[in-house]
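To start, the structure under review is shown below, and the notes come after it.
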Amino acid sequence: MKSIRKALRDGELVKDTYERVTCAECGKPLKTENDPDTITTIRRCPDCGSEWKELR
Ligand SMILES: [Zn+2]
């Protein structure tokens with residue numbers, strides 16, 4: 001899974017006018033899923049289901 005930072009660099013993700021990370025393809029802000037067992041936060045696009053990881 002690609003990191004948020006890398007995806008922003010690659011243009012897969014973009015920031016909207018409110019600084020929210022959105023899927024470049026769907027234009028939807030990503031949902032956040034916290035896994036209490038790991039330090040990684042999963043961000044998922046509600047439209048296409050693509051996932052990126054965010055390191056806290
Ligand atoms: Zn999407």
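Looking across Glu33, Glu54, Glu25, one residue alone is acidic (Asp, Glu) and modelled with pLDDT of 95 or more. It is Glu25. Tell me which residues, restricted to the chain, are among the hydrophobic types (A, V, I, L, M, F, W, C), free of Cβ contacts under 8 Å to residues at least 24 places away in the same chain and exposed (fewer than 13 other Cβ atoms within 10 Å of the Cβ). Scanning the chain gives a single hit, Ile39. Screening the range 36-47 for residues that are within 17 Å of Arg5 (Cβ to Cβ) and polar (S, T, N, Q) and picking the one that is modelled with the highest pLDDT gives Thr41.
Residues checked against (1) of a type outside the set (Phe, Trp, Tyr); (2) near the ligand (Cβ under 10 Å from one of its atoms):
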| residue | (1), (2) |
| --- | --- |
| Met1 | yes, no |
| Glu12 | yes, yes |
| Thr17 | yes, no |
| Cys23 | yes, yes |
| Thr40 | yes, no |
| Cys45 | yes, yes |
| Trp52 | no, no |
| Leu55 | yes, no |
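The values are calculated or read from the model by the stated rules, or taken from the named source; none is laboratory data. Note that the structure is a prediction, hence the values are computed from the model and not measured. Cβ sites come from the backbone with ideal geometry, for glycine too, and all protein chains shown count toward neighbours.
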